[in-house]
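What follows is a set of notes on a single structure, which appears directly below.
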Amino acid sequence: MTRRMRYVMVGGFLGAGKTTTLARLAAEYRRQGLNVGIVTNDQAADLVDTELLRGLGFAVEEVAGACFCCHFDELLDRMQRLEAHERPDVILAEPVGSCTDLVATVIQPLKHLFQADFQIAPYAVILKPSHGRKILDASSRTGFSPKAEYILLKQLEEADAILINRCDELTPDEVEQLEKLLAERFPHTPILRLSAKTGTGLPGLLEFLDQQGDFGRRVLDIDYDIYAEGEAELGWLNCSTRLWAEQPFSLDECLVAVVERLRAELLHIDAEPAHLKTIGLWEGFFGVANLISSDSPVRLSLASGHQVQQIDLVVNARVACDPAELEVLVRRVLEESARERAAELEIRHIQSFRPGRPVPTHRYPAVP
């Protein structure tokens, strides 16, 4: 009898640190001698996360165009592709950061329609401190509407465990404050501390995910009108470009400069970024820069350390603003960045939109 694949899904709001966490988990499972496959998810193609994880040497498939719940059959297809290549012992799944109700629409269908194929791990959801703290205590402006905040709270509500990420960036008092807020709102949910960046807390997360049992049982009472309207308030942009110049330039400095300039432009129009991420790739090396909120610094999350004359540059932006305005802004920033380096710019593909209403393939209204 073929051993069932372990399905490990890690959720969380845009910019929570899901990709970095999955990369940490994948590396540890691989160190243990397990075959690992990863499925990423986005509302559009040209996903930075997919390129990043592939660049780290993992087998990655992508579900693009809608969330896992709305493209459930495509999720199954992508997992079958991973199985055909080299059957994974573990499949790590990263859902769209604006998506919730995943227990009812993904975990329960997998458990009851495909129980012979998959063993379901506990469902962990990452809390993004920068926006999460403001939403949980409701004491200050977050940059998002109550409908968008509703999504983050519903994500936490359905979790088997909540992970407070970026603990390396928080003071002990800030971590304790977050734990208190979470315990008041979700008193029966375990809370784990984590720094996906440094690996602190990873052993505890692995121990939690390795538990055997009937997990993924917290089916939400959710208003899909509020959920859909909250998602639709975010402007979504994915862009794939190429830059080339006669004189070498720093790939890392270019990435940081692009995100810094985008941050400044968004502050100017009072548009709150849920997440900005850019990756530059060329000849086997790459760098990544990102921004997770208006009051957070731009970070070079992965340095390439290379001078280049040509790069493929991918930009992903999730911002509380009109997507048409976001596209104009991104085009202008890319053109200015190219001009500063006396570089030619080719925009190969750009897509900006608001996510449509979620229409799940399956939804279990209660645990069978």
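The values are calculated or read from the model by the stated rules, or taken from the named source; none is laboratory data. Nothing here was measured: the structure is a model prediction, and the numbers come from that model. Every residue, glycine as well, gets a Cβ built from its backbone with ideal geometry; the counts of neighbours run over all protein chains shown.
Selection of the range 59-86 for residues being part of a loop (DSSP other than H, G, I, E, B), without any contact (Cβ under 8 Å) to a residue 60 or more places away in the chain and buried (at least 19 other Cβ atoms within 10 Å of the Cβ) yields only Phe68.
The set of residues from the range 155-177 being aliphatic (A, V, I, L, M), surrounded by fewer than 22 Cβ atoms within 10 Å (Cβ to Cβ) and assigned to a loop (DSSP other than H, G, I, E, B) comprises just one member, Leu170.
For Ser240, the stated conditions hold: it is among the hydroxyl-bearing types (Ser, Thr, Tyr) and in a strand (DSSP E or B). For the range 86-115, which residues satisfy the criterion of being over 18 Å from Thr361 (Cα atoms) and among the aliphatic types (A, V, I, L, M)? Answer for the range 86-115, where residues must be over 18 Å from Thr361 (Cα atoms) and among the aliphatic types (A, V, I, L, M): Val90, Ile91, Leu92.
Across the range 235-252, the qualifying residues are those that are within 16 Å of Val333 (Cα to Cα) and polar (S, T, N, Q), and the one among them that is surrounded by the fewest Cβ atoms within 10 Å (Cβ to Cβ) is Ser240.
Only one entry in Gly230, Gly199, Gly287, Gly216 is more than 27 Å from Ile107 (Cβ to Cβ), in contact with a helix residue (DSSP H, G or I) (Cβ under 8 Å, 6 or more places away or on another chain) and not hydroxyl-bearing (Ser, Thr, Tyr), namely Gly287.
In summary, Ile38 fulfils each of the numbered conditions (1) modelled with pLDDT of 95 or more; (2) over 18 Å from Val314 (Cα atoms); (3) in a helix (DSSP H, G or I) with the single exception of condition (3).
Restricting attention to the range 304-321, the residues being surrounded by fewer than 16 Cβ atoms within 10 Å (Cβ to Cβ) and in contact with a Gly (Cβ under 9 Å, 6 or more places away or on another chain) number 1.
Condition check ((1) farther than 21 Å from Asp270 by Cβ; (2) hydrophobic (A, V, I, L, M, F, W, C)) across all residues:
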position: Glu325; (1), (2): no, no
position: Glu335; (1), (2): yes, no
position: Arg339; (1), (2): yes, no
position: Ala342; (1), (2): yes, yes
position: Ser352; (1), (2): no, no
position: Pro368; (1), (2): yes, no
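The listed residues are Gly17, Gly55, and the only one of them that is under 18 Å from the mean Cα position of the chain (by Cα), buried (at least 21 other Cβ atoms within 10 Å of the Cβ) and among the small types (Gly, Ala, Ser) turns out to be Gly17. Among the residues of the range 1-32, the ones that are assigned to a strand (DSSP E or B) and not aliphatic (A, V, I, L, M) come to 4 in all. The condition of being surrounded by fewer than 17 Cβ atoms within 10 Å (Cβ to Cβ), of a type in the set (A, V, I, L, M) and over 26 Å from Ala64 (Cα atoms) holds for only one of Ile347, Ile269, that being Ile269. On the stretch given as the range 253-278, residues that are in a helix (DSSP H, G or I) and either in contact (Cβ under 8 Å) with a residue 24 or more places away in the chain or over 19 Å from Arg331 (Cβ atoms) (or both) total 14.
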